[in-house]
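First the structure, then my questions, so here it is.
What follows is calculated from the coordinates using simple rules that are stated; it is not laboratory data. Treat the numbers as computed from the prediction; the structure is a model and nothing was measured. Backbone-built Cβ (ideal geometry, glycine too); neighbour counts: all protein chains shown.
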Amino acid sequence: MYIYERQLSGSQDQLRNRRAPLWLAGRRYYLSPPVVSRFLRKKSGDAAVVIDVDRAVSLNRRYARSLGWQTHFDRIVRLLGFTTFTPNERIFAEAVARWQRRQGLSADGILGSKAWSRMRTALGIARPSAASEVNTLLPAAGPGYYTYSPPAERFGLPETIRAVQAIAAAWYQRHPEGPRLGIGDISVRSGGPISGHEAHRLGREVDIRPVRIRGMEGPENYLSPTYSQALTQELVNLIGANGVLRVRTILFNDPNIRGVSWYKGHNNHLHVGFHPSARRTQRV
Ligand SMILES: [Zn+2]
């Protein structure tokens, strides 16, 4: 019998182990490994997270009411990546766990108060009065950089702003004559949706222009004759070496630059995403 992938449910362990049956509408099914692995890949988009699904499901029922996130359920599942169907409670818990891991939270699949507060910010439904950590403005210019976004879109977590300034300062040391780095959008104050972006919601992502030749500043893309691959590679290396935050991802489309990933719309800027937690202080 053919089973539609969207009908599958079960814990990661069940899905991974083809001997463990899946129950669908009271009937038992065994799946071939290719079907299972294709489904797991599709569901997660990255490595699987192992959680106690039963516990997560039961606590999520409770938190949905006590924290009040049940009223935002549709938006939550969309944020978790479900666009064509509504996940059941088990698949929901696993998706929460993967989201938590990407956020640097402990990945238990439980949308409790800490996870919910972070998610509420991401959805732009934080209470306006609530103190948000996305409250530090990157000044219009400083050592090694200029900005090309309005102030309203240059807010970040304090450590994100420090990391950007550290990258620019390191750049300035190597290139005191310029060009300076062009810094674009970060986030709006207090986080939440920002026009023109899917991301940039939590003050942890920043756009930076590719570096140009002959000390020129301004817009640039990697297919232009005034683009400097060598200087842009140097920038990518400096971003990774900043002493403030670990780098989660750099999206940029020049296939000859090491340490970046292709993503649509990224010919003309590097999208830098930082990990939430600070680097550990090094022992001296
Ligand atoms: Zn970006």
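What does the highest-first list of 134-144, 253-263 look like by mean Cβ count within 10 Å?
Taking the mean over residues of other Cβ atoms within 10 Å, the ranking is 134-144, 253-263.
A follow-up question, please. Using mean Cβ contacts within 10 Å as the protection proxy, how do 55-67, 77-89 order, highest first?
Most protected by this proxy first, the peptides run 55-67, 77-89.
What percent does the relative contact order of the range 136-278 come to when contacts are Cα pairs within less than 8 Å and at least six residues apart?
It comes to 21 percent, rounded to a whole number.
Still on this model: Could you tell me what % of all Cα pairs in the range 59-164 have separations over 22 Å?
Taking all Cα-Cα pairs of the range 59-164, the fraction more than 22 Å apart is 42 percent.
Next question. Order these peptides, 155-161, 175-181, by their mean beta-carbon neighbour count within 10 angstrom, highest first.
Put in order of decreasing packing, that is 155-161, 175-181.
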